[in-house]
Amino acid sequence: MKPTIQLNEAYWSGRYAANQTGWDAGAITPPLRDYFDQLGPADHQRFLVPGAGRAYEAEYLHEKGFPNVFVADIALEALQALQQRVPAFPAAHLLHRNFFELQPSPPFDMLVEQTFFCALDPALRPAYAEQCARLLRPGGTLVGLLFETDFGDSPEPPFGGTREEYRAYFDPYFNFAHFETAYNSLRPRQGRELFICLKKKAAVRHK
């Protein structure tokens with residue numbers, strides 16, 4: 001379904017102002033929590049949570065002691081929510097930026113996907129996959145959840161899809177370490193989420 005509205009900063013700020021944030025689980029979701037709990041100490045690792053919303057994933061990583069966690073969101077309200085909730089989170093790591101304008105300098109080790117992909121105009125999905133690869137170092141990881149479901153014909157997010165569709169977007173840039181239905185989703189999302197763990201290919205040509 002192609003959006004008939006502009007999914008821009010004003011749109012998302014309006015959603016926060018109206019408390020229309022149905023994607024917000026109120027905490028880190030179990031699949032990402034369990035994945036992060038398996039990470040070893042790696043102070044040098046640079047994480048990016050794009051389209052972070054209230055950024056519970058960044059909060060969790062920060063509280064686990066990872067110092068180089070960055071969040072990006074086009075809506076200032078989302079970043080302010082994290083800052084108010086976690087005053088110790090570095091202000092310099094709060095990026096009020098369009099994801100597609102971010103630069104890989106230096107590149108990130110891990111990108112975390114949580115309800116950002118489904119909020120984008122589906123026409124941007126190929127560009128999303130390429131931008132993820134551009135921002136990661138070779139061998140870097142894209143980890144997260146994609147909705148493997150049909151949300152109907154609403155002109156507003158979230159937008160669903162299939163694993164076959166998604167695979168086509170990521171295959172040019174990533175090797176697939178894990179690409180299966182999540183076994184530990186939140187109850188309302190059970191059987192509807194695809195857990196992905198993708199590794200950037202060593203040689204990637206960007207357009």
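No value in this document is a laboratory result; all are computed from the given coordinates. Just so it is clear, the structure is predicted and the values come from calculations on it, not from any experiment. Using ideal geometry, Cβ is built from the backbone for each residue, glycine included, and neighbour counts are taken over all protein chains shown.
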Q) Which cross-chain or sequence-distant (5 or more) residues have an amide H under 5 Å from the amide H of Phe108, H modelled 1.01 Å from N in plane? A) Leu136, Arg137
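Count neighbours as other Cβ atoms within 10 Å of each site's Cβ, and list the GluC sites (Glu not before Pro) in region 90-172 that are DSSP loop with at most 12 such neighbours. Please list the in-between numbers first.
Details: sites: Glu101, Glu113, Glu130, Glu148, Glu164, Glu165; in loops: Glu148.
Filter output for region 90-172: empty list.
For Leu186 and Gln83, what is the calculated FRET efficiency with R₀ set at 30 Å and r taken between the beta-carbons, to the nearest 0.05?
Working: r = 25 Å, r/R0 = 0.84.
The pair Leu186/Gln83 has a calculated efficiency of 0.75.
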Q | Helical contribution to [θ] at 222 nm, DSSP H n ≥ 4, -39,500 (n - 2.57), averaged over the chain, rounded to 500 | A | -7500 deg cm²/dmol
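Summing +1 for each Lys or Arg and -1 for each Asp or Glu, what net charge is found among the other residues whose Cβ lies under 13 Å from the Cβ of Asn175?
Numbers: positive: Arg167, Lys199, Lys200, Lys201; negative: Asp171.
For residues surrounding Asn175, the net value is +3.
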(Q) Between Ser154 and Ala10, what is the label-point separation in nm under the 7 Å Cα-to-beta-carbon projection? (A) 2.2 nm
Q | Long-range HN-HN contacts of Glu113 with modeled amide H, under 5 Å | A | Val143, Gly144, Leu145
**Q.** Amide H contacts of Phe174 (H built 1.01 Å from N, under 5 Å, at least 5 apart or other chain)
**A.** Lys201
Q. Which residue, Glu59, Glu193, Glu156, tops the fluctuation ranking in a GNM of the chain built on C-alpha contacts under 10 Å?
A. Glu156
Q | Three-way shape call for region 76-121 based on the alpha-carbon gyration tensor, with the a/c threshold at 1.5 | A | oblate
Q: Using θ = phi - 60° and the Karplus relation 6.51 cos²θ - 1.76 cosθ + 1.60, list the HN-Hα couplings for region 169-174 in order, rounded to whole Hz, with x at every Gly or Pro.
A: 5, 8, 4, x, 10, 10
